[in-house]
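Report on one structure; see the data block that follows.
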Amino acid sequence: MPILTFPDGNTRAFEAAVTGRTVVEGIAKSLAKAAVAVKINGVVKDLATPLTEDCRLEIVTEKSEADMLELIRHDCAHIMAEAVQELYPGTQVTIGPAIATGFYYDFARDTPFTPDDLVKIEKRMHEIVDENRPFTREEWDRTEAIEHFKSIGEKYKAQIIEDLPASETITIYRQGKWYDLCRGPHLPTTGRVGHAFKLMKVAGAYWRGDAKNAMLQRIYGTAWRTEKELADHLHQIEEAE
């Protein structure tokens, strides 16, 4: 029977495991609408994460600036990767984290990306956001995951899994039919990402930062909670130049 302790010190006991989504829905409809994730003992997790043991629970909403920005940027990387693979079949994805003001993803592709390509990719990203697809988490068998990614030509993903510790749970996140190896967490749907993002540039990057490895193409983007935050950031860049 998990006992949840909230930031104000109040507690709530449940007879069986519940998810963050169930908890917020039981508190208030307005909170359920605003919630995008939960913090379990200080660690951000998906709303769908089962709560099986006593813990400190905090609800993450769009007003939770740092956590929300991290989630938006992480999701933008996934959305960009889907757009790239859809528009440019045969492109392999490697890694795509959130960074200080946005996100990037490294791609293995023989043909260089052009400024026109970035325009097309960004347009498709906005469409994926509008499709409001749910992010869903799956756990895969390690051996099967390695063989699967090899079978679809994603050798970099297969290598990442091979190099993970044996104790690491292999998790996949889907957004519709597209999926990626990822620890998470993610927002509930692509629609919660919003449209305050912009692709900025392409740069070269060696696989795993080693000059002995293959040169990849890194697409950088910036992402924010609101259009105003994005406009302010772009204005700062212009002034700095």
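Residue 227 exposes around 110 Å² of accessible area when a 1.4 Å probe is run over every protein chain in place.
Positive-end ranking of 185, 149, 195 along the dipole of segment 147-212, with charges on Cβ about the Cα centre, is headed by 195. Sorted from longest to shortest, the spans of the Cα atoms of the chain along the three principal axes equal 56, 49, 31 Å.
Each peptide in 29-35, 199-205, 82-88 gets a packing score, the mean of other Cβ atoms within 10 Å over its residues, and the list from highest to lowest is 82-88, 199-205, 29-35.
Inter-label distance, residue 54 to residue 130: 5.1 nm, where each label sits 7 Å from its Cα along the C-beta direction. Based on the Stokes-Einstein relation at 37 °C and a viscosity of 0.692 mPa s, and on the Kirkwood radius from alpha carbon pairs, segment 141-196 is assigned a translational diffusion coefficient of 261 µm²/s.
Only four residue types carry charge here, +1 at the Cβ of Lys and Arg and -1 at the Cβ of Asp and Glu. Report the dipole size of the chain about the Cα centre in Debye, rounded to the nearest 20.
Value, rounded to 20: 180 debye.
In the complete set of protein chains, residue-level accessible area for residue 167 is approximately 110 Å², probe 1.4 angstrom. From the alpha carbon centroid of segment 73-92 to that of segment 175-222 is 7 Å. The antiparallel fraction among DSSP beta bridges confined to the chain stands at about 95%. As a check on your grasp of the helix formula, calculate [θ] at 222 nm for the chain: sum -39500 (n - 2.57) over DSSP H runs of n ≥ 4, divide by the residue count, round to the nearest 500. Mean residue ellipticity at 222 nm (helix-derived): -11500 deg cm²/dmol.
Look at the dipole of segment 6-115 built from charges on Cβ: of 89, 16, 99, the Cα furthest out on the positive end belongs to 16.
When the residues 128, 59, 99 are ordered by accessible surface, computed with a 1.4 Å probe over the protein chains alone, the sequence from largest down reads 99, 59, 128.
Shown here: segment 124-241, whose C-alpha atoms stretch 49, 38, 25 Å along the first, second and third principal axes, sorted largest to smallest.
In the calculated pair-distance distribution of segment 17-149, the portion above 17 angstrom amounts to 68 percent of the Cα-Cα pairs.
Partner aspartates and glutamates whose Cα lies under 16 Å from the Cα of residue 150, excluding those fewer than 8 positions away in the same chain, are identified as 141, 162, 163, 180. Residues 238, 131, sorted by accessible area with the largest first, give 238, 131 [1.4 Å probe; ligands and nucleic acids excluded].
A 1.4 Å probe, protein heavy atoms only, puts the accessible area of residue 11 near 90 Å². Shown are 68, 215, whose ranking by accessible area with a 1.4 Å probe and every protein chain present, most to least, is 215, 68.
The values are calculated or read from the model by the stated rules, or taken from the named source; none is laboratory data. On a predicted model such as this, the values are computed, not experimentally measured, just so you know. When we count neighbours, we look across all protein chains shown, and the Cβ atoms used for this are built from the backbone with ideal geometry, even at glycine. Just the protein is used for accessible areas: all its heavy atoms, side chains included, with ligands, DNA and RNA removed. Shrake-Rupley method; radii C 1.70, N 1.55, O 1.52, S 1.80 Å.
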